Amino acid sequence: VCVCVCVCVCVDYYLDLWTFEVLGPTDLIVAVAGDDIILPCYLKPNISAEDMTVDWLNLIITDGHVYRYQNSKIIRDQQIPSYIERTSLFKEELWRGNTSLKLTRVQGTDEGRYKCFIQSKSCNGEFIIRVLVKGEPVTTSGVIEGHREGGMGLLCESEGWHPEPELVWLGSEGVHLSAGPPETHRDLEGFYTVKLHVIVQETDINRFTCRVQQSRINEKMERFTSLVSELFDYATPWRISSIVLCCLGAITGLALAIYCICNKKGNDNILHLQVI
Ligand SMILES: *[C@@H]1O[C@H](CO)[C@@H](O)[C@H](O)[C@H]1NC(C)=O
Ligand SMILES: *[C@@H]1O[C@H](CO)[C@@H](O)[C@H](O)[C@H]1NC(C)=O
């Protein structure tokens with residue numbers, strides 16, 4: 001029996017038949033856009049992974065090859081272009097079973113579930129990590145677009161979001177104003193720009209709020225727009241036409257008056273009046 005056990009252990013040793021477990025964090029990893037992060041993954045027991053194949057895959061993407069290390073080399077054949085230049089293993093840590101992946105300049109499209117898959121000649125194991133990417137929204141603006149359909153048009157625009165935010169316009173008392181559907185644009189790095197137009201009517205306070213929020217990342221931004229009521233007064237087309245007509249009338253009247261005075265008082269006064 002003793003001899004047999006010894007032989008088995010020796011055979012195991014030479015054929016690399018050790019079994020191992022692949023481990024990592026069970027908690028969600030929250031990464032802030034633009035930061036560098038580590039996706040932890042390691043072997044238990046902490047045997048060397050230097051001669052193993054280490055694969056990192058993004059499970060949200062079909063054939064989501066994020067990184068491959070095999071025969072002591074990085075294999076780039078099927079690597080997703082957006083991960084080239086941004087991923088690496090800690091080479092100096094492999095000998096003690098640390099196969100964590102370093103991911104730099106995190107972008108929106110990095111969100112997902114990552115599989116750390118490790119194969120030796122005889123054994124393999126895997127661990128799945130969840131990553132949430134939190135955008136760093138940069139601007140939220142309320143722009144006055146001028147008179148629209150009997151009210152005042154306002155535009156709210158916000159960019160740099162991840163995940164996609166919710167956008168609403170609120171009136172003076174915090175009531176939701178009905179607006180069209182938001183316009184959403186997602187850039188190549190996976191960040192969202194959202195825009196929402198609204199037409200507001202005059203109220204007592206004329207203070208309007210654009211609120212952009214994403215509850216999953218606990219992010220909320222508000223932008224206030226205050227309008228002076230004169231904007232509403234002079235904005236409607238008939239008001240503008242009547243103002244224009246009034247002005248035209250006044251100018252015509254003045255011209256007539258000048259003409260009459262000039263005719264009465266002679267050429268010297270024409271010069272005088274023109275100077276006025
Ligand atoms: C491997 O794990 C053992 C037991 O947990 C620990 O004593 C040892 O220092 C570790 N070796 C390395 C290289 O991390
Ligand atoms: C693996 O290496 C990285 C980089 O040095 C380190 O931050 C991490 O804590 C290591 N993980 C383990 C399990 O030793």
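The values are calculated or read from the model by the stated rules, or taken from the named source; none is laboratory data. Just so you know, these numbers come straight off a predicted model, no measurement behind them. When we count neighbours, we look across all protein chains shown, and the Cβ atoms used for this are built from the backbone with ideal geometry, even at glycine.
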key: Test: VAL106 is within 26 Å of ALA33 (Cα to Cα) and touching a helix residue (DSSP H, G or I) at 6+ places or on another chain (Cβ under 7 Å)   = no
Flag for LEU167 being in a strand (DSSP E or B) and more than 18 Å from the chain's Cα centre (by Cα) = no
request  = Could you grab me the full set of residues in the stretch 79-94 that are more than 16 Å from ligand 1 (Cβ to nearest atom) and in a helix (DSSP H, G or I)?
outcome  = PRO81, SER82, TYR83
task = Search the stretch 33-63 for residues being buried (at least 18 other Cβ atoms within 10 Å of the Cβ) and away from ligand 2 (no atom under 16 Å from the Cβ), and hand back the single one that is farthest from the chain's Cα centre (by Cα).
result = ASP55
key: Per-region count, the stretch 35-63, residues farther than 15 Å from GLU126 by Cα, away from ligand 1 (no atom under 16 Å from the Cβ) and in a loop (DSSP other than H, G, I, E, B)   = 6
task = Please enumerate the residues belonging to the stretch 68-101 that are within 14 Å of GLN119 (Cα to Cα) and of a type in the set (Phe, Trp, Tyr).
result = TYR69
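Here is a yes/no grid of residues against (1) surrounded by fewer than 18 Cβ atoms within 10 Å (Cβ to Cβ); (2) in a loop (DSSP other than H, G, I, E, B):
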position	(1), (2)
ASP77	yes, yes
VAL131	no, no
PRO137	no, yes
VAL143	yes, no
MET152	no, no
query = Any residue in the stretch 95-104 that is touching a Pro at 6+ places or on another chain (Cβ under 9 Å), within 16 Å of ligand 2 (Cβ to nearest atom) and in a strand (DSSP E or B)?
reply = yes
inquiry  = Every residue in the stretch 95-112 that is within 16 Å of ligand 1 (Cβ to nearest atom) and among the hydroxyl-bearing types (Ser, Thr, Tyr), please.
reply    = THR99, SER100
key: Criterion violated by HIS147 - all others in (1) assigned by TED's automatic domain parsing to the domain that holds PHE224; (2) under 28 Å from the mean Cα position of the chain (by Cα) satisfied   = (2)
inquiry  = Please verify whether LEU231 is at pLDDT 90 or above and not in a strand (DSSP E or B), treating the condition exactly as stated.
reply    = no
ask   = Just one of the numbered conditions (1) at pLDDT 90 or above; (2) closer than 17 Å to GLY146 by Cα; (3) buried (at least 17 other Cβ atoms within 10 Å of the Cβ) is not true of ARG207; which one?
value = (3)
